[in-house]
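Encoded as C-alpha cells, the structure appears first; notes follow it.
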Amino acid sequence: MDNNYRSIKYFNTLNDYFVRYLFSDKGSEAILLDFINSTMLDAGMKTFRSVEILTPFNYKENYENKETITDVKCITQNGSVVIIEIQLQGNSRFPERILYYWASNYSKLLKQGEKYDALTPVISINLLNFNLDDSNNIHSCYMIYDTINQRLLTDHLQIHIIELKKFHNNLLNPDLNCWLKFFTMKENEEVIMSELVKEKPVMEEVQRRYNNFIKDRLMMNEYDKRQAYLYGNQIMLEEERRLGIEEGMEKGKREQQIYIARNLKKAGIDIKIISENIGLSIEEVENL
C-alpha cells in the first residue's frame, strides 16, 4: 500500500468498484449487514442477524461484462438472497432492468429436480443516482400485491429503489439517513465522515476502509479506470439526447458512434472495449 498516493479533490463514493470493496471485501460482513438492515428498517421490514458474501471483492476486474454482473450479492441466515446494484445513469425503462436482474437471480436458486419449496426470497436493493419519476419518494419498496384487497401474494419478491438525487438530510430512518449522507457527500469528506462516526458506530469501520482505499495506489488506479468508463457512458447518454436521433437512422447513428468513441478514447478507455461496445472497428477507433 502506498500511503502517499495523491491528494483527491473529489471522491465518488458511488463508484461501483469502491462500493464492491466496501461491502464485499474480506471482513466487510458487519458493514454490509448494517446497510441492508438500515434499508429494511426504513421500509418497515424485518432485519437480519448475519450475512455471507457470495461475490467476494475482486481487486482486478473486467469492465467489459459489467452489465451482466451484480455489484454485491449475499445470503442471510434464513436463506434470503440480497443483491445490491449501483446505477449512475438510466431512463424510464430501468425498472424492467431491475426486474430482469431479480428474475435472473431468483431462477438460479432452484437446481434441477428440486421442489419449489426450496426457493427463498430475493431482495433487490438499488441505489440510483438519477430520478426515475417526478415523485418525492426517496426510498420505495415494491412487492407483489392483489390490486383490489392489497393481499400479499408472496414475500419472495422485494425490490427497493433509493433515488439519491431526491435525498436531503434527515428525511428517512436515521440509520438509512446516515448511509445516504455517506453516498452523497461531495466535499468536506473528512468533516462529514467524523460526523457520521458520531451518529453510527459502524461508520468508524467505513471510515477506516475509505481511508485505506484512497491511499492504495493499485485500487485507486482501478477506481480511475471505472470513473473514465462511467464518464464515457454519461457522454453517450448526453449525446443521444442532444442529437435526438432515433435508433435505426444510419447516418445519425454513425455520427453518434464516432463522437462517442472519440470522447471515450480521450477519457482513456481501452480501444478494444470502445470497439466492442460502440460498433466501430479497432482501426477506425485508432484513427480518431
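The values are calculated or read from the model by the stated rules, or taken from the named source; none is laboratory data. Keep in mind that what you see is a predicted model, and the values were worked out from it rather than measured. Quick reminder, even Gly has a Cβ in these numbers, built from the backbone with ideal geometry, and neighbours come from all protein chains shown. Remember, those area values only see protein heavy atoms, side chains included, never the ligands or the DNA or RNA. Shrake-Rupley method; radii C 1.70, N 1.55, O 1.52, S 1.80 Å.
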Open item on the list: I want to confirm something. Restricting to region 49-97 and keeping residues that are aliphatic (A, V, I, L, M) and outside any strand (DSSP E or B), which single residue is modelled with the highest pLDDT?
Closed with: L54
TODO: Give just the number: which of (1) at pLDDT 80 or above; (2) surrounded by 16 or more Cβ atoms within 10 Å (Cβ to Cβ) does L288 not satisfy?
DONE: (2)
Task: Residue list for region 206-258, filter: at pLDDT below 70, in a helix (DSSP H, G or I) and open to solvent by less than 100 Å² (accessible area, probe 1.4 Å) - done: N233, Q234, M236, L237, E238, E239, E240, L243, G252, K253
- [ ] Scan region 181-205 residue by residue and report those that are touching a residue at least 40 places away in the same chain (Cβ under 8 Å) and open to solvent by 50 Å² or more (accessible area, probe 1.4 Å).
- [x] K186, E187, E205
- [ ] Name every residue in region 111-124 that is open to solvent by less than 50 Å² (accessible area, probe 1.4 Å) and either acidic (D, E) or over 22 Å from V72 (Cβ atoms) (or both), in order of residue number.
- [x] A118
Open item on the list: Checking K186 against (1) closer than 23 Å to H139 by Cβ; (2) modelled with pLDDT of 95 or more, only one condition comes out false. Which one?
Closed with: (2)
TODO: Mind counting the residues in region 35-49 that are out of contact with any strand residue (DSSP E or B) (no Cβ under 7 Å at 6 or more places or on another chain) and either closer than 17 Å to K73 by Cβ or open to solvent by less than 70 Å² (accessible area, probe 1.4 Å) (or both)?
DONE: 7
TODO: Sort through D117, D134 and tell me the only one that's without any contact (Cβ under 8 Å) to a residue 24 or more places away in the chain and part of a loop (DSSP other than H, G, I, E, B).
DONE: D134
